[in-house]
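The values are calculated or read from the model by the stated rules, or taken from the named source; none is laboratory data. Quantities reported herein were computed from a predicted structural model and do not represent experimental measurements. Counting neighbours? That spans all protein chains shown, and the Cβs are built from the backbone with ideal geometry, glycine included. We work out accessible area using only protein heavy atoms, side chains counted, and drop any ligands, DNA or RNA first. Shrake-Rupley method; radii C 1.70, N 1.55, O 1.52, S 1.80 Å.
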Amino acid sequence: MDYLLPPSGFDVAGLVLKHLHEKPSSRNEIAKAFGISRTSLSRALEDIADEGPFVRTKTVHGDSPGRPVQLLEFDPTIAYSVGIDLARSRSTGVMLNRLGEPIVKTWFPSNLYPDAMTRAIEVCDRLIKEADKIGANAEYIARVGVGVPIPVGQRPEIEQWRKDVLAPHIYGLWPVPVLVDNTVRFGALGEAYWGAGKGKKSQFYVRLSKGVGGGFVISALGSQVTKAGEFGHITVPGGSKQCYCGKLGCLETVASVDGICSAAGVADLEGLRKAIDSEDARAVAAVEEVASTLGWALGMLQFAVNPEIIILSGEVVEVIPEIAGPIEQEIRKHLMPQFPHAVSVAVAELEHVGPALGAAYAVEVLVGARAK
C-alpha cells in the first residue's frame, strides 16, 4: 500500500486544537486568531466533541470585577490513536493524543509469545495498563494501525490472515478502523514525521533487523508519499548465500542479524558487539562486508532516486551505530566523481518505537482523509 498523507492539522479542528494546546483561549480569542466566525468555530468544536472530550473548559477570574472568563484548553492525556509494531525481534505499542503526541509507550521481546495474535493483544493490554498508571484516558481510541514484518498486499494467504484474523482481534478490543501494513513502511513514516527525516524533502529508510527492508518517503507541499519494496532481496555482486526467499545472494543474507552474526562467528548481536570491541578480525571483517555491500546497493539507489537523506535503523544499527560512516563512504565510491552528490547517512532517532509511531500516524491521517 502506498500512502498520500496530507499534513497534520490542516483542517479547522486540528488548527484549533493546536492553538489551544499552546495557549488556553476564549472562543472570541480563537475566532479572532484564525479570522473565522463564531459559527464556524462552533462547528469545529462540535466535530471535536463528537470524537471525545479533547477540549476542556476552565473558568478564570480576572483582576477587575465582572463576569469570569471561560477558557478552552486541549487535554493532552486523552488517547486518540494506537500504533502497534509486531516485528520479529520486538513488539511495540504507542498511544497518541488527538494532536499526534505520544503519551504511552510499551514494548517487549517478541519471543515471549508464540504468535502475532497473542503479541498484538498483549501490546494492547500493556498500553491500557500504562495509560491507567499515568492517568491517561484510553476510552476514546478512534483508530489503530498495526505493522507486521511480512509483504502485505502481495500474497492471497497473507491478505486473508490480515483481514480475517489479525484485524478482527484488534477490533475486538477497540471497535474502530484498523489498518494493517508492513512495518518498514510505518518505520519510514515515523522517522519522516518525528525522527531523523523530519523536514527533509525525501528520504530512504533502511531497516537492518531479522530481515532487511527499505521504504522511500517523498515530501511535497506538506504531503508525504510513502513507498516500500523488497530492498533486502536485491542480488548483490558475488553473493552466493541461500536466502529464505529461494534466491541466492540477496542483500538480506549479508546485512540481516543472522547474516552478520554468522559471518562474524557469534551467536547474537551482544556477542557481535563484544567481538568488535575486542577487535576480533572475523567480526571486523563481517561489519566491513555489510558496509561494502549495503554501500553498493544504496549507491545504485542514489543514481535512481537520489534521496536527500538515507536513514539506517534496526537492531544491527542500534548495536553498531558507527557503521553509518563506512556505509556513507562506500556509497560515495559508487557515485560519479565529476558530479557533486549531497549524500547524507543518518542513524534513526526513534529506534524500535518508530514503526509503531508511523502506524498510528498512517491510520490517523488515512482514515481521517477518507472521512472528509
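Some values worked out for this structure:
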| quantity | calculated |
| --- | --- |
| Residue satisfying condition, being part of a strand (DSSP E or B) and touching a residue at least 60 places away in the same chain (Cβ under 8 Å), within set Leu298, Leu312 | Leu312 |
| Matching residues in the stretch 242-261 - criterion: being in contact with an Asp or Glu (Cβ under 9 Å, 6 or more places away or on another chain) and part of a loop (DSSP other than H, G, I, E, B) | Cys243, Tyr244, Cys245 |
| Contacts under 9 angstrom Cβ, first residue in the stretch 47-76 being under 15 Å from Asn28 (Cα atoms), partner of a type in the set (Lys, Arg) and modelled with pLDDT of 90 or more, 6 or more apart | Gln70/Arg27; Leu72/Arg27; Leu72/Arg56; Glu73/Lys23; Glu73/Arg56 |
| Subset tally (residues that are open to solvent by less than 10 Å² (accessible area, probe 1.4 Å) and of a type in the set (Asp, Glu)) for the stretch 66-105 | 1 |
| The one condition in (1) within 29 Å of Gly199 (Cα to Cα); (2) touching a strand residue (DSSP E or B) at 6+ places or on another chain (Cβ under 7 Å); (3) not aliphatic (A, V, I, L, M) that Glu252 fails to fulfil | (1) |
| Qualifying residue in the stretch 199-206 (condition: surrounded by 16 or more Cβ atoms within 10 Å (Cβ to Cβ), in a loop (DSSP other than H, G, I, E, B) and at negative phi) | yes |
| Residue in the stretch 216-236 that is in contact with a helix residue (DSSP H, G or I) (Cβ under 7 Å, 6 or more places away or on another chain), assigned to a loop (DSSP other than H, G, I, E, B) and at pLDDT 90 or above present | yes |
| Options Ala286, Ala267, Ala304, Ala281; residue that is over 23 Å from Gly195 (Cβ atoms), exposed (fewer than 13 other Cβ atoms within 10 Å of the Cβ) and in contact with a Cys (Cβ under 9 Å, 6 or more places away or on another chain) | Ala267 |
| Residue tally, condition closer than 17 Å to Ala297 by Cβ and open to solvent by less than 20 Å² (accessible area, probe 1.4 Å), over the stretch 309-334 | 12 |
| Members of the stretch 160-176 that are open to solvent by less than 60 Å² (accessible area, probe 1.4 Å) and aromatic (Phe, Trp, Tyr) | Trp174 |
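Residues are listed down the side, and each one gets a yes or a no for (1) touching a strand residue (DSSP E or B) at 6+ places or on another chain (Cβ under 6 Å); (2) under 30 Å from Ser240 (Cα atoms); (3) modelled with pLDDT of 95 or more:
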{"residue": "Ser292", "(1), (2), (3)": "no, yes, yes"}
{"residue": "Gln302", "(1), (2), (3)": "no, yes, no"}
{"residue": "Val319", "(1), (2), (3)": "no, yes, yes"}
{"residue": "Lys333", "(1), (2), (3)": "no, yes, no"}
{"residue": "Met336", "(1), (2), (3)": "no, yes, no"}
{"residue": "Ala346", "(1), (2), (3)": "yes, yes, yes"}
{"residue": "Glu349", "(1), (2), (3)": "no, no, yes"}
{"residue": "Tyr361", "(1), (2), (3)": "no, no, no"}
{"residue": "Ala369", "(1), (2), (3)": "no, no, no"}
